[in-house]
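To keep things clear, I will list the structure first and then write my remarks on it.
The values are calculated or read from the model by the stated rules, or taken from the named source; none is laboratory data. Small disclaimer: the values here were computed from a predicted structure and weren't measured. Cβ: placed from backbone, ideal geometry, glycine included. Neighbour counts: every protein chain shown.
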Amino acid sequence: MKVEIDSFSGFKIYPSKGKLFVRGDSKVFRFATSKNASLFLQRKNPRKISWTQLYRRMHKKGTTEEVAKRRARKTVKHQRGVVGVDLATLMARRTEGKDVREKARSEAIAKAKEEKKAKEAKKNKPARPAGTHTTGPRVSKQQMKGKGGR
């Protein structure tokens, strides 16, 4: 016994029941009742008619599989250290107060400024002191090595 499915409503059509409609492009439509055939020929959308299977499926009506629905596992968060800092140091920094962090930051800024000043002073300092300049004859590197010359 072959049971067909209604093209409009999605209901079962048992043998010797219903209507068969063949469109001009040879597509076959089966209808359980003349009501379904009439609504199909009026070009009604079965998704908008509340008693059809398409409507019920689209609006999640009458589904009993909700009980058997698999539950998603909750992700477990693990805390790890960051590159260069272990977890204990991270936790210590997290628990310390805002004033401690601000103090450490201001000290680090002051230290960086001092280093920058020292670097600038070193850069601006002349290579030789003023009184140590020698005024002898100019000699090339090759002449110093004793190669070339006159």
Filtering region 6-21 down to residues that are of a type outside the set (D, E, K, R) and surrounded by 13 or more Cβ atoms within 10 Å (Cβ to Cβ) yields S7, F8, S9, G10, F11, I13, G18, F21
Confirm whether R70 is under 22 Å from G18 (Cα atoms), free of Cβ contacts under 8 Å to residues at least 60 places away in the same chain and surrounded by fewer than 10 Cβ atoms within 10 Å (Cβ to Cβ).
-> no
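Taking the condition assigned to a loop (DSSP other than H, G, I, E, B), of a type in the set (D, E, K, R), in contact with a Leu (Cβ under 8 Å, 6 or more places away or on another chain) and not assigned by TED's automatic domain parsing to the domain that holds I13, does R80 pass? Give the derivation first.
On the way: assigned to a loop (DSSP other than H, G, I, E, B): yes; of a type in the set (D, E, K, R): yes; in contact with a Leu (Cβ under 8 Å, 6 or more places away or on another chain): yes; not assigned by TED's automatic domain parsing to the domain that holds I13: yes.
In short, yes.
Go through region 118-145 and count every residue that is small (G, A, S) and at pLDDT 80 or above.
Of all residues in region 118-145, those small (G, A, S) come to 118, 121, 127, 130-131, 136, 140.
Narrowing further to those that are at pLDDT 80 or above: 118, 121, 140.
Selection size over region 118-145: 3.
Suppose we filter T33, T89 for residues that are touching a Gly at 6+ places or on another chain (Cβ under 8 Å) and surrounded by 15 or more Cβ atoms within 10 Å (Cβ to Cβ); which single one remains? Steps first, answer last, please.
Numbers: T89 fails: surrounded by 15 or more Cβ atoms within 10 Å (Cβ to Cβ).
So the residue among T33, T89 that is touching a Gly at 6+ places or on another chain (Cβ under 8 Å) and surrounded by 15 or more Cβ atoms within 10 Å (Cβ to Cβ) is T33.
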Any residue in region 15-40 that's outside the structural domain of Q53 (by TED's automatic domain parsing): show its pairings with residues that are in a loop (DSSP other than H, G, I, E, B) and surrounded by fewer than 16 Cβ atoms within 10 Å (Cβ to Cβ) at Cβ separation under 8 Å, as long as the two are six or more apart or on different chains.
-> none
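Each row is one residue, and each column tells you yes or no for (1) of a type in the set (D, E); (2) modelled with pLDDT under 95.
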{"residue": "S16", "(1), (2)": "no, yes"}
{"residue": "D25", "(1), (2)": "yes, no"}
{"residue": "F31", "(1), (2)": "no, no"}
{"residue": "A37", "(1), (2)": "no, no"}
{"residue": "R43", "(1), (2)": "no, no"}
S38 fails exactly one of the following numbered conditions: (1) surrounded by 12 or more Cβ atoms within 10 Å (Cβ to Cβ); (2) assigned to a loop (DSSP other than H, G, I, E, B); (3) of a type in the set (G, A, S). What is the number of that condition?
-> (2)
Test: residue in region 93-110 that is out of contact with any Asp or Glu (no Cβ under 9 Å at 6 or more places or on another chain), hydroxyl-bearing (S, T, Y) and exposed (fewer than 10 other Cβ atoms within 10 Å of the Cβ) = yes
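If I filter region 84-96 for residues that are part of a strand (DSSP E or B) and within 13 Å of S9 (Cβ to Cβ), do I get at least one hit? Write out each step before concluding.
Taking region 84-96 first, the residues part of a strand (DSSP E or B) are 85.
Cutting the leftovers down to within 13 Å of S9 (Cβ to Cβ) gives us none.
No, the conditions are met nowhere in region 84-96.
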